[in-house]
Number of protein chains: 2
Amino acid sequence: MAHCGHNNPRVIEAVQDQVGILNTNTRYLHPNMVVLAQRLAALLPDPLEVVFFCNSGSEANDLALRLARAYNSAAGGKGSHTNTIVVQGAYHGHTLANLEVSPYKYEKGTEYKLVPGECGSHVPGPHIWKVPAPDIFRGPHRDPKTAGAEYASYVQRACQYYTSRGETVRAFMVEGGMSVAGVILPPPGYLTACCAAVHAAGGLYIADEVQTGLGRLGTCMWAFQYHDPTLVPDIVTLGKPFGNGMPLAAVVTSRKVAERFETVGVEYFNTFAGNPVCAAAGLAVLDELEVRGLQHNALEVGTYLQNKFRSLMTTIDLIGDVRGSGFFIGIEMVNDRQNQTPAYAETSYICSILKSKYHILTSIDGPADNVLVIKPPMVFSIADADHFVECFKLTVTSDLPSANLSKLEKTPT
Amino acid sequence: MAHCGHNNPRVIEAVQDQVGILNTNTRYLHPNMVVLAQRLAALLPDPLEVVFFCNSGSEANDLALRLARAYNSAAGGKGSHTNTIVVQGAYHGHTLANLEVSPYKYEKGTEYKLVPGECGSHVPGPHIWKVPAPDIFRGPHRDPKTAGAEYASYVQRACQYYTSRGETVRAFMVEGGMSVAGVILPPPGYLTACCAAVHAAGGLYIADEVQTGLGRLGTCMWAFQYHDPTLVPDIVTLGKPFGNGMPLAAVVTSRKVAERFETVGVEYFNTFAGNPVCAAAGLAVLDELEVRGLQHNALEVGTYLQNKFRSLMTTIDLIGDVRGSGFFIGIEMVNDRQNQTPAYAETSYICSILKSKYHILTSIDGPADNVLVIKPPMVFSIADADHFVECFKLTVTSDLPSANLSKLEKTPT
């Protein structure tokens with residue numbers, strides 16, 4: 001969330017200055033909002049040029065679903081305009097409409113007994129089609145050369161199902177890098193093939209960049225560009241990193257999608273979204289990225305960090321997989337590399353000791369709660385990386401052997 | 001939104017100080033969030049003691065619908081857990097779930113052709129029951145002594161409908177003061193009777209205080225207390241005024257409702273909500289209210305302002321009604337008091353001249369776009385009120401007669 005580091009002086013100064021001058025709601029057009037929209041749009045490929053501001057990634061994803069719904073409605077497509085293809089383990093936010101497309105959430109909680117098909121239903125109806133996460137470590141398809149096409153075939157099948165019923169698809173909604181699903185980067189060709197399939201079925205490709213946007217992957221500004229720099233989603237959402245902790249998020253789309261929303265949709269107004277103070281924080285974040293070359297830093301230090309962890313695999317059997325790109329790294333812990341038995345107690349212990357003894361915050365994700373997630377601020381340095389790896393090594397080699405893991409409960413996530 | 005006034009020194013200092021120390025997401029419990037929750041809960045009647053933070057009123061109302069749904073699910077009530085009674089002209093936010101309960105929005109836009117009953121449907125299905133706004137100026141029941149019971153009977157009928165089908169009601173969701181519906185305060189007895197009816201049908205009473213909370217009505221901290229200080233909703237939401245412009249909102253409920261949500265719901269987590277910086281703004285707002293006695297100021301100056309406008313009615317025929325309480329005032333403009341013909345062109349012109357010539361911001365609401373809405377910051381003084389009335393008088397008596405109103409389009413709202 002603190003994309004450019006906690007207590008970033010440029011962000012602090014921007015917020016302090018603006019709050020001392022004016023904060024107001026967004027019925028009153030402030031230059032900060034206008035300039036921020038222009039600069040954000042310039043970071044996205046054409047024809048993504050229309051920006052809607054929100055306060056959170058959840059609001060952004062909710063609005064993206066609205067836009068896609070209006071698009072389908074205007075196109076006159078048959079069906080409920082809610083047919084949506086989502087990925088197992090996906091998390092797109094906390095609103096009722098978000099939860100419906102977030103298997104990570106509704107599969108964790110006690111399931112509601114609701115009429116299938118309703119929004120907010122925790123057992124979504126036939127309008128929500130869940131495809132397997134394109135996980136080449138643990139999933140059914142593990143050859144990186146063919147996995148992209150193989151996993152995309154599930155999306156194609158979902159499209160065929162709706163098409164065969166004479167219905168259109170509202171959207172394929174997917175994170176460019178799947179964070180809570182266990183730090184999964186879609187294999188080559190996956191997103192491109194899925195995008196083609198959903199377009200053929202009349203729907204939109206919504207790229208959720210709430211976790212991965214603004215350069216985190218190092219090689220690209222947005223995760224959807226990771227394998228295919230020419231790929232252009234219909235709607236892109238961003239959140240967490242945008243305001244360096246201040247509530248700020250956005251939806252960016254094409255003029256075509258925006259105009260259809262204007263024609264058939266219900267006016268979107270959001271009191272706080274893009275207010276001058278939060279927008280000032282957003283502008284400072286974009287300045288920091290640009291001036292300090294933070295995307296390049298993520299690539300350089302992230303690659304260094306991954307290599308360090310890869311080399312640890314020769315001595316630490318617990319590390320089953322090291323994956324990701326830039327500052328979006330997952331370390332999957334297993335008790336048995338052959339069978340990939342999830343080492344959730346060990347992962348929980350390591351995460352906990354890193355925090356309590358070494359004052360380093362990591363988090364745990366993945367369906368088996370055994371993926372240590374490393375998503376440091378974009379200013380993380382080589383020295384920080386060395387220190388982190390050293391602490392990790394100490395935790396695993398010195399603290400872990402004396403731990404009574406049987407006492408450990410599965411970590412709540 | 002700037003509840004304690006634009007550029008309020010206490011709020012500015014609180015934000016500037018905290019952003020210079022630490023901002024972080026709410027996985028990490030910061031004292032500001034804890035203290036703010038305690039102080040907010042102390043402003044609400046028992047048993048409302050559990051606080052969920054959000055970034056916006058929309059998020060708060062979306063979460064309130066989730067809580068009510070989980071409550072019904074846990075109670076084992078039959079039905080879809082989405083049966084909700086809402087008021088004509090109501091606005092509860094911009095998320096897909098909010099829109100469904102916001103006739104103000106979906107009745108204004110071009111209606112979608114959707115399968116009835118779906119969330120986000122702009123022609124809500126049978127699970128959304130719309131009752132008439134309890135408007136004693138323009139509605140079917142105009143005697144203040146009997147209107148409360150008469151309007152409540154629509155809610156009772158809705159409850160009976162669901163009950164007769166063996167279904168429970170999720171909620172009756174209502175603004176304590178209906179802002180966009182045209183600044184309508186429910187008549188005496190209305191909310192109390194509606195609350196009893198919805199409880200008997202197994203549902204919850206959700207009080208939306210996004211516009212009216214934190215003392216705006218002058219006589220009470222919350223609008224639901226206006227006619228009945230003993231009335232206690234099951235869920236209260238607040239937004240706009242809470243952070244004086246910083247994104248901050250909350251849902252407050254009882255431990256019973258919160259515990260049922262914990263049992264059957266899906267975990268609620270919200271990255272930015274209640275972060276230390278926005279919470280600092282919230283704390284400063286509560287300090288201002290308390291130290292400066294702003295609720296009392298709203299009562300005193302608001303009453304003065306209403307009296308001024310009432311006395312203008314003797315000379316300005318255009319004023320059809322003056323209503324509200326404290327700093328929640330509506331001036332309804334009519335061309336003909338007998339027939340109450342909405343003077344929307346005149347209202348639009350007045351609002352526009354007040355802004356362009358006199359630099360005073362008002363807004364326009366109501367189904368006929370003819371209610372001038374006066375919701376000043378809580379620090380508005382007698383001198384401000386005099387100046388405003390003077391400018392209004394000048395606009396109506398000096399600017400308006402020479403205006404070519406035929407050129408005026410209906411104001412977009």
Practice prompt. Would you tally the residues in the stretch B:212-232 being at positive phi and among the aliphatic types (A, V, I, L, M)?
Written response: 1
Worksheet item: Consider residue B:287 against the criteria (1) surrounded by fewer than 20 Cβ atoms within 10 Å (Cβ to Cβ); (2) in contact with a strand residue (DSSP E or B) (Cβ under 7 Å, 6 or more places away or on another chain): it satisfies all of them except one. Which criterion is unmet?
Response: (2)
Worksheet item: Quick one: residue B:90 ticks every box in (1) farther than 29 Å from residue B:262 by Cβ; (2) modelled with pLDDT under 95; (3) more than 9 Å from chain A (Cβ to nearest Cβ); (4) in a loop (DSSP other than H, G, I, E, B) bar one, so which box is it?
Response: (1)
Worksheet entry | Boolean, residue A:322 is assigned to a strand (DSSP E or B), within 20 Å of the chain's Cα centre (by Cα) and modelled with pLDDT of 95 or more | yes
Response to the item:
When every residue in the stretch A:12-69 that is within 13 Å of chain B (Cβ to nearest Cβ) and without any contact (Cβ under 8 Å) to a residue 40 or more places away in the chain is compared, the one nearest to residue A:90 (Cα to Cα) is A:62
Worksheet item: Only one of these conditions is not met by residue A:263: (1) polar (S, T, N, Q); (2) on the phi > 0 side of the Ramachandran plot; (3) within 14 Å of chain B (Cβ to nearest Cβ). Which number is it?
Response: (2)
Fill in: In the stretch B:110-147, residue surrounded by the fewest Cβ atoms within 10 Å (Cβ to Cβ) [restricted to those that are modelled with pLDDT under 75 and of a type in the set (A, V, I, L, M)]
B:115
Worksheet item: What tally of residues in the stretch A:294-321 results from selecting those that are in contact with a Leu (Cβ under 9 Å, 6 or more places away or on another chain) and of a type in the set (Phe, Trp, Tyr)?
Response: 0
Item to complete: Kindly indicate whether any position in the stretch A:264-284 is in a helix (DSSP H, G or I), surrounded by fewer than 16 Cβ atoms within 10 Å (Cβ to Cβ) and outside the structural domain of residue A:373 (by TED's automatic domain parsing).
Response: no
Worksheet item: residue B:360 fails exactly one of the following numbered conditions: (1) surrounded by 22 or more Cβ atoms within 10 Å (Cβ to Cβ); (2) at pLDDT 95 or above. What is the number of that condition?
Response: (1)
Discussion item. I'd like to verify a number: residues in the stretch A:33-57 that are surrounded by fewer than 22 Cβ atoms within 10 Å (Cβ to Cβ) and of a type in the set (S, T, N, Q), how many?
Written reply: 1
Worksheet item: With A:275, A:244 as the choices, which residue is at positive phi and not small (Gly, Ala, Ser)?
Response: A:244
Worksheet item: Is it the case that residue B:269 is out of contact with any Phe, Trp or Tyr (no Cβ under 7 Å at 6 or more places or on another chain) and within 14 Å of chain A (Cβ to nearest Cβ)?
Response: yes
Discussion item. Could you list, ordered by first residue, the pairs with Cβ atoms under 8 Å in which the first is in the stretch A:326-346 and in contact (Cβ under 8 Å) with a residue 60 or more places away in the chain and the second is charged (D, E, K, R) and part of a strand (DSSP E or B), at least 6 apart or interchain?
Written reply: A:329/A:323; A:330/A:321; A:330/A:323; A:330/A:365; A:332/A:321; A:332/A:323
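Take the stretch B:224-258 and flag every residue that is closer than 19 Å to residue B:326 by Cβ and surrounded by fewer than 24 Cβ atoms within 10 Å (Cβ to Cβ). Working first, answer last.
The first filter runs over the stretch B:224-258 and keeps only residues closer than 19 Å to residue B:326 by Cβ, leaving B:224-229, B:231, B:236, B:238-242, B:244.
Scanning the stretch B:224-258 gives B:225, B:226, B:227, B:228, B:229, B:231.
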Response to the item:
Only unsatisfied item for residue A:221, checking (1) without any contact (Cβ under 8 Å) to a residue 60 or more places away in the chain; (2) among the hydrophobic types (A, V, I, L, M, F, W, C); (3) surrounded by fewer than 24 Cβ atoms within 10 Å (Cβ to Cβ); (4) within 29 Å of residue B:275 (Cβ to Cβ), is (1)
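Among the residues of the stretch B:9-27 satisfying the criterion of being in a loop (DSSP other than H, G, I, E, B) and surrounded by fewer than 22 Cβ atoms within 10 Å (Cβ to Cβ), which is modelled with the highest pLDDT? Walk me through it before giving the result.
Applying the first criterion (in a loop (DSSP other than H, G, I, E, B)) to the stretch B:9-27 yields B:22-27.
With the extra rule that they be surrounded by fewer than 22 Cβ atoms within 10 Å (Cβ to Cβ), the set shrinks to B:22, B:24-27.
Working: B:22: 93, B:24: 89, B:25: 86, B:26: 82, B:27: 82.
That would be B:22.
Any idea which residue in the stretch B:60-78 is modelled with the lowest pLDDT, counting only those that are in contact with a helix residue (DSSP H, G or I) (Cβ under 7 Å, 6 or more places away or on another chain) and buried (at least 21 other Cβ atoms within 10 Å of the Cβ)? Spell out the reasoning first.
The initial filter retains those residues of the stretch B:60-78 that are in contact with a helix residue (DSSP H, G or I) (Cβ under 7 Å, 6 or more places away or on another chain), namely B:61-62, B:65-67, B:70-71, B:73-74.
So of that shortlist, the ones also buried (at least 21 other Cβ atoms within 10 Å of the Cβ) come out as B:61-62, B:65-67, B:70-71, B:73.
Numbers: B:61: 98, B:62: 97, B:65: 96, B:66: 94, B:67: 95, B:70: 90, B:71: 90, B:73: 76.
That would be B:73.
The values are calculated or read from the model by the stated rules, or taken from the named source; none is laboratory data. All values reported here derive from a predicted model rather than from experimental measurement. Neighbour counts are summed over all protein chains in view; Cβ atoms, including those assigned to glycine, are modelled from backbone coordinates with ideal geometry.
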